[in-house]
Amino acid sequence: MPTIRPSSDLRNNYNEISKFCHENSEAVYITKNGKGDLAVVSIETFEKLVGKYELRKLLTEGLEDIKNQRTVPIDEAFTEIRKGLSHEKL
C-alpha cells in the first residue's frame, strides 16, 4: 500500500519521511491540495530505478538490432573496439 502524505509534511516531518524512504526503499507520495503532486524516494532508490530504465532501454535496442539483422560477428566487433581504443591513445 503506498504511503501518501500532505505537502506540509515535507516541511514539518522531513526527517521522518527521509528515514522511511531510506529504510523501505519505497516512494512517499506527496499531495498538494488533496491531489497527487510528487513522489519522494532516496537517492539510492532513484539511482537504481534510473539504472533499471537505462538497462531496459539498452536491451530493447539490442533486441531491435538482432531483429533487424544489424549485428556483426563477435571477432569483428572486438577488432573494431580495439581499433577505436588504439586511436584514443594517440
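Computed quantities for the displayed model
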| quantity | calculated |
| --- | --- |
| Residue ranges of helices (runs of 4 or more DSSP H) in the chain with at least 1 members among the small types (Gly, Ala, Ser) and loosely packed, with under 10 Cβ neighbours inside 10 Å | 74-89 |
| Pair list, Cβ under 6 Å, 6 or more apart: the stretch 7-28 residue within 24 Å of GLU47 (Cβ to Cβ), other residue among the polar types (S, T, N, Q) and outside any helix (DSSP H, G or I) | CYS21/SER42; HIS22/SER42; VAL28/THR3 |
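Readers should treat all values here as calculations from the given coordinates under stated rules, not as data from a laboratory. Since we're looking at a predicted model, the values are computed, not measured. Neighbour counts run over all protein chains shown; Cβ positions are idealised from the backbone, glycine included.
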